[in-house]
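First the structure, in the form of structure tokens, and then the observations on it.
The values are calculated or read from the model by the stated rules, or taken from the named source; none is laboratory data. In this text the structure is predicted, and so the values were computed from the model without any measurement. Please note: Cβ atoms are built from the backbone with ideal geometry, for glycine as well, and neighbour counts cover all protein chains shown.
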Amino acid sequence: MELDKKKRRSLFTLYLTYFADYFSWGVAIAYLAVYITTDSTPFKTLPWNSHVALGIACAAFPIGEVIGSPILGDLSDWMGRKKVLLWGLWGSILSMALCAFSLWAGSFTLFLIGQFLVGFFAGKQAMVQASIVESYEKTKGQKLAFLSILGGVSWMLGPLLGSLLMEKPFTDYGGYIWPNLLAAFVYVLSLACTHAFFQDTYEPSGQQLSALKLFQNMGEIVKMTYKNRLFATFLLNLLGWYLLIVSLSDFLITRFQLSNAEVGIFNAYFSLCFTIGGVAATTWIFDRWNAKNILFFSILVGSFSLFFLFRANQIIELWLFLAIATVTEAWIYPAFQTVLSDHTSKSDQGKLFGLIGAANGACQFVASLILTGVASSHTIFTAALLFLISAGLLPLAFGKKQPVA
């Protein structure tokens, strides 16, 4: 009984760390446009025009994540989960504090460095997810699907609290620093819980570390995409998902002429649907079906819902097809993670989830670049095509079992 209690506490700390990373994105990073492009910007000077500066600031986080995820994932395989997790949490605290200081000082250069470091230390998600997979509570698919619930809740709660902290009277005392400080405080709570409760059951490989080996592993995402059909299929679906995320707000404004407040409502609805999908996956979907068996159907449904969303002209169509696409993605992402994890040796779980984290950062960056040159409606059409292509390639990916790492 005491052992089970320790396992549950340990699992709680992992989920709290996962929540802290997504909450920090929602409470602080989601408001980059307000920091940079509005008349109330805290930055004294910008080296580029506001739109270019915004694009560079948006790119800093995923670039950091692409670099940090494989490095921290491999470090956790070699040195153990807890040690690297604690370092990562300290890095996140100091990075958010640096962002707050840069907003107070009006230094855009410091802010870019802070955003890059926030993304780099968000790479600890690799060891968090590897540790969750290694725990013995519930099935692997259910544990990973529960992350969809945490992600959805944090995306709803973070922007709500962030918007409150960016109004008077808070802005009278330090300007826009408070969302970043709140994110840092949540990381402090996660750090305290990790110190107190996390039990590291993983036996590190103890391999000799080298800087060359760490940086070589950053290229593994390209190598894996080329050699492994399953990972390549996952990458196509992930890019389609990020294309929907980055284009949704502009699509709502240009196609339906919604106000900023109405766009905020739909973004909250988007997060709510993702949360509902995570609840369904955790309590029912992954308890009843194998992750491999639900992928094709879920991706196909998501693809057709995006095609219908692209053609939508009525608000009721928007509500319906956005919900279908979002709920199914809350099943698809953990299902891909589960299948990829099943194809990976136990000693390489940290490396795998590090590459998945790097793939998230890379797809987010590429999706942002695509949106700069393509209309948001066409971006959603492209997302639908990527979903459909990934569904078509899935039988080929499962045709032969391939080692992922």
- Residue ID - modelled with the highest pLDDT, chosen from residues in the range 312-357 that are of a type in the set (D, E, K, R) and over 19 Å from the mean Cα position of the chain (by Cα): 317
- Message: Take the conditions part of a helix (DSSP H, G or I) and either of a type in the set (Asp, Glu) or closer than 30 Å to residue 341 by Cα (or both) and apply them to residue 285. Does it pass?
- Response: yes
- All but one of (1) assigned to a helix (DSSP H, G or I); (2) without any contact (Cβ under 8 Å) to a residue 60 or more places away in the chain hold for residue 69, so report the exception by its number. (2)
- Scan 97, 130 and give me the residue that is of a type outside the set (Asp, Glu), assigned to a helix (DSSP H, G or I) and buried (at least 23 other Cβ atoms within 10 Å of the Cβ). 130
- State whether the residues of the range 307-314 include one that is part of a helix (DSSP H, G or I) and of a type in the set (D, E, K, R). no
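Table: residues versus (1) farther than 30 Å from residue 127 by Cα; (2) crowded, with 19+ Cβ neighbours inside 10 Å; (3) in contact with a Gly (Cβ under 6 Å, 6 or more places away or on another chain); (4) at pLDDT below 85.
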residue: 3; (1), (2), (3), (4): no, no, no, yes
residue: 7; (1), (2), (3), (4): no, no, no, yes
residue: 13; (1), (2), (3), (4): no, yes, no, no
residue: 18; (1), (2), (3), (4): no, yes, no, no
residue: 24; (1), (2), (3), (4): no, yes, no, no
residue: 37; (1), (2), (3), (4): yes, no, no, yes
- Task: Considering only residues that are closer than 12 Å to residue 120 by Cβ and among the polar types (S, T, N, Q), look in the range 44-101 and name the one that is nearest to the chain's Cα centre (by Cα).
- Result: 69
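Looking at the structure I just gave you, is residue 96 among the aliphatic types (A, V, I, L, M), in contact with a Pro (Cβ under 6 Å, 6 or more places away or on another chain) and under 24 Å from residue 188 (Cβ atoms)?
No: the conditions fail for residue 96.
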- Pairs under 8 Å by beta carbon, first residue surrounded by fewer than 23 Cβ atoms within 10 Å (Cβ to Cβ) in the range 355-373, partner assigned to a helix (DSSP H, G or I) and polar (S, T, N, Q), six or more apart or different chains? 360/69; 370/379; 370/382; 371/247; 371/379
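Can you tell me which of 165, 189 is surrounded by fewer than 21 Cβ atoms within 10 Å (Cβ to Cβ), closer than 23 Å to residue 98 by Cα and at pLDDT 85 or above? Let's see the steps before the verdict.
On the way: 165 fails: at pLDDT 85 or above.
It is 189.
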